[in-house]
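As structure tokens, the structure follows; a few thoughts come after it.
Only the coordinates and a few stated rules stand behind these numbers; no lab work does. Worth saying up front: this structure is predicted, and the values here are computed from it rather than measured. Backbone-built Cβ (ideal geometry, glycine too); neighbour counts: all protein chains shown.
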Amino acid sequence: MYQDVLLRNNVNITGKGTRTMLFAPGFGCDQNMWRLVTPAFEENYRIILFDYVGSGKSDYNAYDSSKYSDLHGYANDLIEICAALDLKEITFVGHSVGSTIGMLASIQKSDLFEQLIMIGPSPRYLNDQPDYIGGFKREELDGLIDMMEMNYIGWSNYLSKVIMKNPNRPELSKELEDSFCSTDPTVARQFAMATFFSDNREDLKKVVVPSLILQCSEDVIAPIEVGNYMHRHLTKSTLRLMEATGHCPHMSHPEETIRLIKEYLAVGYVSILSKE
Amino acid sequence: MLDEQLNYAPCGYLSLSDEGTIRTINQTLLSLLGFDLYEIKGKHVNTILTVPSKSFYQLYFFPIIKLQERVEEMYLTFKSKTNDDIPVLLSAIRKKRNGEIVNDCMLFQIKKRYEYEQSLLAVKKETEERNRVKREQIAELDLLRRELESKQKELLEVNVQLGKLAATDGLTGLKNRRSLQEDLASNIVLFTKKSHPLSFLLLDIDHFKKINDNYGHLTGDRVLQGLALILKEELREGDVAARYGGEEFALILPGADQATAQKIAERIRLRVEGAGWINQTVTISIGTATLITGDTVSSLQSRADRALYSSKNRGRNQVTHASHKND
């Protein structure tokens with residue numbers, strides 16, 4: 001059972017420490033996204049990396065449309081990974097939707113988590129006027145999902161499976177296999193729907209674990225208003241505005257990302273400082 | 001500065017910093033977008049991307065080029081100065097030039113292919129929608145079918161119940177006359193064919209009217225029920241007991257010859273005599289008849305009836321077997 005979970009989610013473990021950091025990727029790509037950040041923690045932490053079922057090198061046969069139709073299915077997998085490795089009081093680092101998945105898992109099993117580090121999180125991507133700015137109108141999210149389709153997102157993996165049966169084209173297969181953003185076409189679309197049309201605003205107040213929100217400047221996917229909203233509604237949260245722009249500071253600005261995480265790990269949650 | 005060839009090449013050229021700042025852009029692309037160089041040079045690439053493309057850039061373009069140093073055949077929509085969507089196909093490489101990292105992009109507009117793919121996607125969506133509706137309809141039909149089946153089952157059960165009720169005498173729980181006659185007819189056919197014996201008994205409670213008059217109808221009913229119970233207890237496998245009407249009862253005894261029929265009849269008569277249902281002795285008269293060649297339902301019944309009549313005439317509380325002739 002435990003071995004199954006580790007294979008299912010392509011769990012990889014590195015690092016020398018006794019305490020644990022678990023990194024959850026965001027939407028689109030797999031655990032490779034963390035490779036500029038994790039080496040900085042390997043000395044002092046055990047590092048757990050994984051892929052979501054239906055992404056990266058996970059077991060695509062384990063994909064279940066109804067289980068993964070919303071983010072709770074992914075959160076349950078995360079809990080199972082922790083159980084399989086007997087993890088407790090981990091430092092969870094999630095990017096984008098990975099933060100939400102970690103947050104949902106922490107609501108179910110708070111004792112698994114010591115703290116949540118959320119990079120570019122958003123509880124809801126759609127605007128809900130007049131009180132909530134998520135950053136997107138419905139047609140814009142529809143446009144994004146159409147754009148994934150126009151880019152054959154997911155098809156590379158699908159094709160690589162087809163091509164692998166064709167021994168005349170090994171090089172193409174290898175190339176497609178190496179793609180870091182591979183998913184199955186149906187999975188990609190469903191994951192996109194589960195991610196971009198989720199509304200987890202009500203869950204924020206259920207979180208009891210301390211959290212760090214790393215908010216990028218000029219992030220079109222999780223704008224500053226969203227970071228502020230999360231900070232207001234998450235108890236014991238700390239908000240740090242990054243110099244990094246865009247949505248993937250762990251790739252574009254790994255040094256700043258590492259520095260802010262380390263600062264937080266050193267001090268932890270300080271209520272007076274962060275709430276004033 | 002771009003050389004003349006690249007500046008006017010039949011494809012757009014764009015060079016971005018890692019932050020997404022537009023460092024260089026060729027004239028072909030500027031013309032396509034309707035901008036002048038000074039308007040967008042140094043601006044973020046978001047300035048010339050549609051909202052979905054800005055997100056797509058963050059979710060896919062940037063991570064892929066950062067990890068793989070190249071992006072191939074990416075579809076994006078650029079936004080012109082007049083806010084028109086311009087679908088393009090873009091390939092990019094990431095490299096170091098003059099000491100800094102650059103992301104060089106080549107792109108060209110896709111018009112026909114875009115329209116073509118849009119049509120394909122529209123058809124795909126339509127098909128998916130139709131399939132979805134179809135699945136829903138099938139599920140609905142399935143539900144209706146299951147409902148229908150369960151209703152049919154209910155109906156069959158009700159019919160069985162109704163059939164039982166229609167064939168049963170309400171007071172005694174025995175079969176009624178109509179049902180008895182059906183049974184008798186089929187038994188006659190069967191036993192004539194096999195040349196096995198079959199006997200038919202008619203039983204009538206003696207002076208039943210007096211019982212009713214003296215003790216009331218409820219007591220009368222109890223006597224009827226008492227007799228019915230004795231008949232039920234005396235039934236052998238395959239025997240049929242029925243309330244023939246009023247205080248008259250009937251028994252079909254398949255396989256019973258004259259002697260057996262008389263033995264059974266006599267036993268019943270005795271049991272009734274000793275039953276002690278009320279303060280006075282209740283007796284019955286019985287006429288028995290055994291099937292002979294050429295018998296019909298009515299001939300067998302009428303011989304039993306005549307035998308019963310003989311029992312009554314001879315003083316009641318006795319069994320008479322019909323003579324083997326129909327006159």
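In chain A, a dipole from Cβ-located charges (positive for Lys and Arg, negative for Asp and Glu) runs towards its positive end, and of A:134, A:151, A:53 it is A:53 whose Cα lies farthest in that direction. Taken about its Cα centre, the range B:210-327 carries a charge dipole of about 280 debye when Lys and Arg each add +1 at the Cβ and Asp and Glu each add -1 at the Cβ. If you keep only loop residues by DSSP, which GluC sites (Glu not before Pro) in the range A:195-236 have at most 16 other Cβ atoms within 10 Å of their Cβ? Answer in residue order: A:218. Helix content alone sets the calculated 222 nm mean residue ellipticity of the protein assembly as shown: runs of n ≥ 4 DSSP H residues at -39500 (n - 2.57) each, divided across all residues, give -14000 deg cm²/dmol. Once both labels are positioned 7 Å from their Cα atoms along Cα-to-Cβ, the gap between residue B:235 and residue B:39 label points is 10.1 nm. Candidates B:59, B:49, B:218 compared by Cα position along the dipole of the protein assembly as shown: farthest toward the positive end lies B:218, with charges placed on Cβ. Computed extension length for residue B:162-residue B:148: 3.0 nm, one decimal, from 0.36 nm per residue of separation with the Cα-Cα distance subtracted. Legend: mean number of C-beta atoms from other chains within 10 angstrom of residue C-beta atoms, peptide B:62-71, equals 5. Using a Gaussian network model of chain B in which every pair of alpha carbons under 10 angstrom is joined by a spring, one finds that among B:100, B:126, B:233 the greatest mean-square fluctuation is at B:100.
Less than 5 angstrom separates the built amide H of residue A:242 from those of A:215, A:216, A:217, all sequence-distant by 5 or more or on a different chain. Site pair residue A:225 and residue B:225 shows an inter-label distance of 8.2 nm when each label is modelled 7 Å from Cα along Cα→Cβ.
Per-residue extension of 0.36 nm, minus the Cα-Cα distance of residue A:199 and residue A:266, leaves a gain of 20.9 nm for this segment.
The label point for residue B:5 and the one for residue B:118, both projected 7 Å from the Cα toward the Cβ, are 3.6 nm apart.
Computed over chain A, relative contact order equals 19 percent, with contacts defined as Cα pairs under 8 Å that lie 6+ residues apart.
Projecting the Cα atoms of A:120, B:20, B:301 onto the dipole axis of the protein assembly as shown, where Lys and Arg carry +1 and Asp and Glu carry -1 at the beta carbon, places B:301 farthest toward the positive end.
Amide H contacts for residue A:198 (H built 1.01 Å from N in the peptide plane; partners 5 or more residues away or on another chain; cut-off under 5 Å): A:125. Averaged over the residues of B:47-56, the number of partner chain Cβ atoms lying within 10 Å of the residue Cβ comes to 6. Here the relative contact order of chain B, from alpha carbon pairs under 8 Å that lie six or more residues apart, stands at 12 percent. The loop-placed trypsin sites (Lys or Arg not before Pro) in the range A:61-132, going by DSSP, that have at most 16 neighbouring Cβ atoms within 10 Å of their Cβ come out as A:88, A:109. Database remark: amide H of residue A:212 closer than 5 angstrom to the amide H of A:116, A:117, A:118, A:238 (H placed geometrically; neighbours at sequence offset of 5 or more, or on other chains; Pro and chain starts carry no H).
Under the convention that each Lys and Arg Cβ holds +1 and each Asp and Glu Cβ holds -1, the size of the dipole of the range B:4-110 around its Cα centre is about 260 debye. Karplus-based coupling profile of the range A:39-52, in residue order and whole Hz: x, 5, 10, 5, 5, 10, 10, 8, 9, 10, 10, 7, 10, 6, with θ = phi - 60° in 6.51 cos²θ - 1.76 cosθ + 1.60 and x standing for Gly or Pro. Listed cross-link partners A:16/A:57; B:175/B:263; A:205/B:54; B:54/B:125; A:16/A:88 are compared with a 27 Å cut-off, the Cα-Cα value being larger for A:205/B:54.
The GluC sites (Glu not before Pro) of the range A:1-109 meeting both criteria, a DSSP state outside H, G, I, E and B (loop) and at most 10 other C-beta atoms within 10 angstrom of the site's C-beta, are A:43. The relative contact order of the range B:4-110, computed from alpha carbon pairs under 8 Å that lie at least 6 residues apart in sequence, is 26 percent. The mean count of C-beta atoms from other chains within 10 Å of the C-beta of residues in A:245-251, rounded to a whole number, is 5. Helix A:185-196 axis versus longest C-alpha principal axis of chain A: approximately 10°, rounded to the nearest ten. The HN-Hα couplings worked out from phi for the range B:76-91 by the Karplus form 6.51 cos²θ - 1.76 cosθ + 1.60 (θ = phi - 60°) are 9, 10, 8, 10, 7, 4, 8, 6, 8, 7, 10, x, 9, 10, 10, 10 Hz, whole numbers, x standing for Gly and Pro. Computed about the Cα centre, the dipole magnitude for the protein assembly as shown is approximately 2160 debye when only Lys and Arg (+1) and Asp and Glu (-1) carry charge, each at its Cβ.
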